[in-house]
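What follows is a set of notes on a single structure, which appears directly below.
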Number of protein chains: 2
Amino acid sequence: MQNPDWDIFRYVIAVVDSGSAVAAAERLGVNASTVLRKIAKFETDNGVRLFEKRQSGYRPTAECATIVEEARKIEQNVMAINRDLLGRDLRLEGRLAVTTTDSLLVSLLAPLIEVFTAHHPRIRVDVSVTNSRLNLPKQDADIAIRASKMPPDTLVGQRVSGLVFAVYAPAVFADGTSDDRGQVLGNSRWVGIGQALSASPVGEWMSRNVAPGQIAMTADTFVAVRDCALAGIGIAVLPCCLGDTSRGLVRLTGPISEMDTSLWVLTHSDIRGAARVKAFNEFVTRELRAKSALLEGAGV
Amino acid sequence: MQNPDWDIFRYVIAVVDSGSAVAAAERLGVNASTVLRKIAKFETDNGVRLFEKRQSGYRPTAECATIVEEARKIEQNVMAINRDLLGRDLRLEGRLAVTTTDSLLVSLLAPLIEVFTAHHPRIRVDVSVTNSRLNLPKQDADIAIRASKMPPDTLVGQRVSGLVFAVYAPAVFADGTSDDRGQVLGNSRWVGIGQALSASPVGEWMSRNVAPGQIAMTADTFVAVRDCALAGIGIAVLPCCLGDTSRGLVRLTGPISEMDTSLWVLTHSDIRGAARVKAFNEFVTRELRAKSALLEGAGV
DNA sequence: TCCGGGTTCTGCATAATTGCAGATTGAATA
DNA sequence: TATTCAATCTGCAATTATGCAGAACCCGGA
């Protein structure tokens, strides 16, 4: 006796308004059989005859009238929901969850987000900083901006630029001559990278080129590594976009190709089709490409 | 961007009210996967995040609120429809389409319908008299009361009693003695049955036992045949329920077993589950069974 | 009187949905 | 700290709904 499937009322309205099941089917974008069968099922389930099935079409009975009356109210409510959804989308408002690493946020993204939110005041950007690998399940973000040689194919997106790494020293270690630099590189202690990133290109380069005894400490985010290097603990590998923009650090080497990787802007959200997602995606991609010189280490 | 499938709002409400997808699934009587997937599909299609998917359950977002608000109005409207349908059913009102033959209507059904409608004043019984065979497609009736040896299995129902036929003569032909009866039977002309019923047991008996030259005329309903017999045109085969209740006719024979058949009350309507259909069905079945003596020719 | 265009309706093959069972996760509890 | 429990997810299989093509039918007009 219960009546699930509220969708039936959409069919009832269509049949009443168009006069026949085939016309209703065309309006609804389904086959005429579907309309016939859905109406028949509703009549069987509820013990009411909504339409006289004439050869000239489906003619609503008197009992149909009260149902249609309520169904039209439902239609109004659904249209209100659709207007709300569509309008919100067109007006570019809502929440936008972005995940990235702290180094990218500090060096590049923060000013971009500032510009974006100023331009779209009704969009609120929620940044989640996670330095762990991006293959964590249950990605709760709409957009991910991450460094990777190849992103997992569960995420879709585009490569924005290269991302290179170099060795940096606190300025107090070196006066800037190349002789000094070589000496510092050989003799200094290091600020290493945490275990969570030991499998990354940077971690692997470190394990090959830096003896364990040289490592004074590790930190598990590049911003933390930089701050420790700035404090004079040692020299460190940093992404050039972070190292080159940090006052108080000098670059000791050029970009080291073994650590080269790429920067990706990725979307795997349920709502990747939303206008605000597209807007942010396009904006960030364009701006980051414009700054590819910094990302690819051409700054020095 | 459009949003078909109004049924999704039923799911949204259930999830909001019960706090998790599994609880909503239980309330809705479906599997939890169905709820998860329907919500996910809606979010993907409309670019909106309705719920935060936490381990502790689905928590509605701010954007969900306006949708739920409208969805609750929809729920009110659907409940109004359900109340209307259920109420109408319980109050036993509405239209009830009955199809039968004129002979059954005249001899038995009319007084039964009178009692039924007096007892259920809000039910309107629409009788459609069709003497053609009952295998006509597109049976537009809720209940059919018909004579048949075996009803087609597309119709469901129950056998009410036997239905027997005998030969009747207008009273002016015979004074009632058995001698007279034999003489009348052999010498009179006949009122035959129309071609539409030639394949029925009655039609076959006629073709075997009555010479074509004896047939003065035919009519295609038994009531018409009876009226012509009453007018003195000839003798005729009639169902006993009709012949025995017709003043001015005398039965010449006992029930002729070759023409025996059964009386069925059948329902194949879309709305056979409706209360008024059941009520009429039970009433008619009970009353006809009480009169089975008449139907089976015990009246003489 | 026959024919054409529209309809409803029905098998049948395919596509989509659903249920089921397991994997995974997070949090609360002993 | 381990462990139990309830929740979200995800392949796979079975069920269900859908589209397609044809049959049957009615109505109007040449």
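Computed quantities for the displayed model
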{"item": "Teacher prompt: residue B:149 distances to equivalent labels in other copies, 7 Å Cα→Cβ, nm", "result": "8.5"}
{"item": "Sites residue B:215 and residue B:298 - FRET efficiency at Förster radius 35 Å, r taken between beta-carbons, to 0.05", "result": "0.75"}
{"item": "Across the identical copies, how the residue B:59 labels are spaced - nm, sorted shortest first, 7 Å along Cα→Cβ", "result": "5.8"}
{"item": "Distance in nm between pseudo-label sites at residue A:76 and residue A:7 (7 Å out along the Cβ direction from Cα)", "result": "2.6"}
{"item": "Ratio of the Cα radius of gyration of region A:8-90 to 2.2 N^0.38 Å, where N counts its residues", "result": "1.18"}
{"item": "Calculated label separations, residue A:115, copies of the chain, 7 Å along the beta-carbon direction, nm", "result": "9.0"}
{"item": "Over chain A, relative contact order from alpha-carbon pairs under 8 Å, at least 6 apart, %", "result": "21"}
{"item": "Spacing of the two label points (7 Å from each Cα toward its C-beta) at residue B:199 and residue A:32, in nm", "result": "2.8"}
{"item": "Gyration tensor over alpha-carbon atoms, chain A, equivalent ellipsoid semi-axes in Å", "result": "64, 18, 15"}
{"item": "Efficiency of FRET from Cβ geometry, residue B:159 and residue B:187, R₀ 41 Å, rounded to 0.05", "result": "0.60"}
{"item": "Calculated [θ] (222 nm, deg cm²/dmol) that DSSP helices of n ≥ 4 give over chain A, each run adding -39,500 (n - 2.57)", "result": "-12500 deg cm²/dmol"}
{"item": "Only Lys, Arg (+1) and Asp, Glu (-1) charged, at Cβ; chain A dipole about Cα centre in debye", "result": "560"}
{"item": "Cα long-axis angle, helix B:32-46 against chain B (0 to 90 degrees, to the nearest 10)", "result": "70"}
{"item": "Along each principal axis, Cα extent of region B:165-259, largest first, Å", "result": "33, 25, 23"}
{"item": "Share, in percent, of DSSP beta bridges within chain A that are antiparallel, nearest 5", "result": "60"}
{"item": "Among B:71, B:110, B:147: highest mean-square fluctuation, GNM of chain B, C-alpha pairs under 10 Å", "result": "B:71"}
{"item": "Cβ charges +1 (Lys, Arg) and -1 (Asp, Glu), total dipole of the protein assembly as shown, debye", "result": "100"}
{"item": "Inter-centroid distance (Cα atoms) of region A:1-65 relative to region B:1-69, Å", "result": "27"}
{"item": "Entries in A:149/B:38; A:38/A:73; A:53/B:41; A:149/A:278; A:41/B:73; A:38/B:149 that, when Cα-Cα distance is taken, lie over 29 Å", "result": "A:149/B:38; A:53/B:41; A:38/B:149"}
{"item": "Rough spin-label spacing in nm, given labels placed 7 Å along Cα→Cβ, for residue A:83 and residue A:126", "result": "2.8"}
{"item": "For region A:141-148, Karplus couplings with θ = phi - 60° (6.51, -1.76, 1.60), whole Hz, Gly/Pro x", "result": "9, 7, 9, 10, 10, 9, 9, 6"}
{"item": "Rounded to 5, percent antiparallel among DSSP beta bridges of the protein assembly as shown", "result": "60"}
{"item": "Long-range Cα-Cα pairs in the protein assembly as shown (distance over 39 Å), rounded percent", "result": "58"}
{"item": "Whole-Hz ³J(HN,Hα) from phi, Karplus 6.51 cos²θ - 1.76 cosθ + 1.60, for region A:262-269, glycine and proline x", "result": "10, 9, 10, 10, 10, 10, 9, 6"}
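Values quoted throughout were computed directly from the atomic coordinates according to the rules given, and no laboratory measurement underlies them. Here the structure is a predicted model, which means the values were calculated and not measured. Here the Cβ is made from the backbone with ideal geometry for all residues, glycine too, and neighbour counts use every protein chain on show.
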